[in-house]
Protein chains: 2
Amino acid sequence: MAGLAAVAVRADDGASPIFGVTLPAGYRDWRLVAPALEAPPLDEIRAVVGNDTAIDAYRGGTVPFPDGTVLVKLAWKRVPSPAFPPAAIPGAPTTVQVMVKDSARWPETGGWGFGRFVGGRPVDEAQHETCFACHEARAKDHDFVFTRYAP
Amino acid sequence: MAGLAAVAVRADDGASPIFGVTLPAGYRDWRLVAPALEAPPLDEIRAVVGNDTAIDAYRGGTVPFPDGTVLVKLAWKRVPSPAFPPAAIPGAPTTVQVMVKDSARWPETGGWGFGRFVGGRPVDEAQHETCFACHEARAKDHDFVFTRYAP
């Protein structure tokens, strides 16, 4: 449905510093890879979705991920459910984070381009300098991708 | 893509007691409504997905939900991320819970049929007796549906 071509369709005017990654069109319609939870102080509920290339790779156990893979992590503040207090649900949206695989374009960062967006706009260069360092230190054994597919 | 027709395609042999709801085919490909978190002792990470009728209703603010709406809640144990301990991720799957809207079929439970599945098999009648009572007590103002769409 949407691979690298979708990334060229810019959902806002801004591309990420360093990488030039934009918000892919239509990502809110993509399939779920897995939800996650981030402890305080971030205190967020998150969900990673992937384009068709990403989902096919996850389900087939394809690592490294093929060029054209796009992963998007949506994040929201964690708030108590007003209807059922033992549950927590998404509150205000915080960041949207994007990883795009293109081995030729980003050879120095494992083939991945990164983008972190707040309110549809990319955050600054300093924040983008931290992306690959953390993924390299902690997720190198899974092609620099933290998230695993939730069955 | 999949409305009531999908419900007739049984992904396993078992239909839920009381309601006769089965696991809809292909629900793992459905779009995300919202993730959620359930406190201990359940201690679960969850994600609700919906068929096209459900997603259209959420995005259009349509309440009550139209006949043909199907919602599926996937749940997993919450486990620490081995790669990044401040995060928690899905562990073993626990339950899959289904709500199907058919006003003619289930007039006494707000038009909803319920199914709770463990390992692809429906749980017992006693558990299914609790579904509507809780949804009625706590989510009546949203057509008996707890989950709100996460933007």
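The values are calculated or read from the model by the stated rules, or taken from the named source; none is laboratory data. Bear in mind that the values here come from a model prediction, so they are computed numbers and not experimental data. Cβ coordinates were reconstructed from backbone atoms using ideal geometry, including for glycine residues, and neighbour counts include every protein chain displayed. The accessibility values were calculated without ligands, DNA or RNA, using every heavy atom of the protein model including side chains. Shrake-Rupley method; radii C 1.70, N 1.55, O 1.52, S 1.80 Å.
What does the extension gain come out to for B:R121 and B:D67, with contour length at 0.36 nm per residue minus their alpha carbon separation?
On the way: separation 54, 0.36 × 54 = 19.44 nm, distance 2.46 nm.
Length difference between fully extended and current span is 17.0 nm.
Report, in debye and to the nearest 20, how large the dipole of chain B comes out about its Cα centre when Lys and Arg carry +1 and Asp and Glu carry -1 on their Cβ.
Working: 15 positive and 17 negative charges, 87 e Å.
It comes to approximately 420 debye.
Full extension from B:A39 to B:S103: what is 0.36 nm times the residue separation minus their Cα-Cα distance, to one decimal in nm? Could the numbers behind the result be given before it?
Details: separation 64, 0.36 × 64 = 23.04 nm, distance 3.24 nm.
19.8 nm is the gain from fully extending B:A39 to B:S103.
Given charges of +1 on the Cβ of Lys and Arg and -1 on the Cβ of Asp and Glu, with all other atoms neutral, how large is the dipole of the protein assembly as shown about its Cα centre, in debye to the nearest 20?
Numbers: 30 positive and 34 negative charges, 24 e Å.
It works out to roughly 120 debye.
Restricting everything to alpha-carbon atoms, can you work out Rg to Rh for the protein assembly as shown with a Kirkwood hydrodynamic radius?
Details: Rg = 19.6 Å, Rh = 20.0 Å.
Using only Cα positions, Rg/Rh for the protein assembly as shown is 0.98.
Please report the residue of chain B with the smallest beta-carbon distance to the B-to-A rotation axis, and give that distance in Å, no decimals.
Of all Cβ atoms in B, the one closest to the rotation axis yields B:P35, 2.
What is the ratio of the Cα radius of gyration of segment A:112-151 to 2.2 N^0.38 Å, where N is its residue count, to two decimals?
1.34
Quick one: how many lysine pairs in the protein assembly as shown have C-alpha atoms under 15 angstrom apart, if they're 8 or more apart or on different chains? Walk me through the numbers on the way to the answer.
Numbers: A:K73/A:K101; A:K101/A:K140; B:K73/B:K101; B:K101/B:K140.
Total qualifying Lys-Lys pairs in the protein assembly as shown comes to 4.
What is the interface area between chains A and B, defined as buried accessible area summed over both chains with a 1.4 Å probe, reported in Å² to the nearest 100?
On the way: alone 7930 and 7940 Å², together 13080 Å².
Accessible area lost upon association: around 2800 Å².
Any idea what the B:R121 label distances to the other copies are, label 7 Å down the Cα→Cβ vector, nm, shortest first?
5.6
Can you send over the carbon and sulfur percentage of the accessible area for the protein assembly as shown, probe radius 1.4 Å, protein chains only?
Details: 7410 of 13080 Å².
So the carbon and sulfur contribution to the accessible surface is 57 percent.
What distance in nm separates the two pseudo spin-label positions at B:K140 and B:A25, each 7 Å out from Cα along the beta-carbon direction?
Computed distance between label sites B:K140 and B:A25 equals 3.9 nm.
Taking the Cβ of A:Y58 as the centre, find all other residues whose Cβ is under 15 Å away and add up their charges (Lys, Arg: +1; Asp, Glu: -1).
Working: positive: A:R31, A:R59, A:K73, A:K101, A:R148, B:R28; negative: A:D52, A:D56, A:D143, B:D29.
Local charge sum for A:Y58: +2.
From the label point of B:R105, set 7 Å along Cα to the beta carbon, how far off in nm is each other copy's matching point, shortest first?
4.5
Which residues of segment B:11-48 show a drop of at least 10 Å² in accessible area when all protein chains are present, compared with their chain alone (probe radius 1.4 Å, heavy atoms only, ligands and nucleic acids excluded)?
B:R28, B:D29, B:W30, B:R31, B:L32, B:P35, B:A36, B:L37, B:E38, B:A39, B:I45, B:A47
Place the label 7 angstrom along Cα→C-beta at A:P82 and in each other copy, then list the distances from the first to the rest in nm, shortest first.
4.1
List the pair-distance distribution P(r) of chain B, using every Cα-Cα distance, as the percent of pairs falling in each 10 Å bin from 0 up to the bin containing the longest distance, rounded to whole percents.
In order of increasing distance, the bins hold 11, 41, 36, 10, 1 percent.
For segment B:102-151 and segment A:89-145, what is the separation of their C-alpha centers, rounded to whole Å?
38 Å
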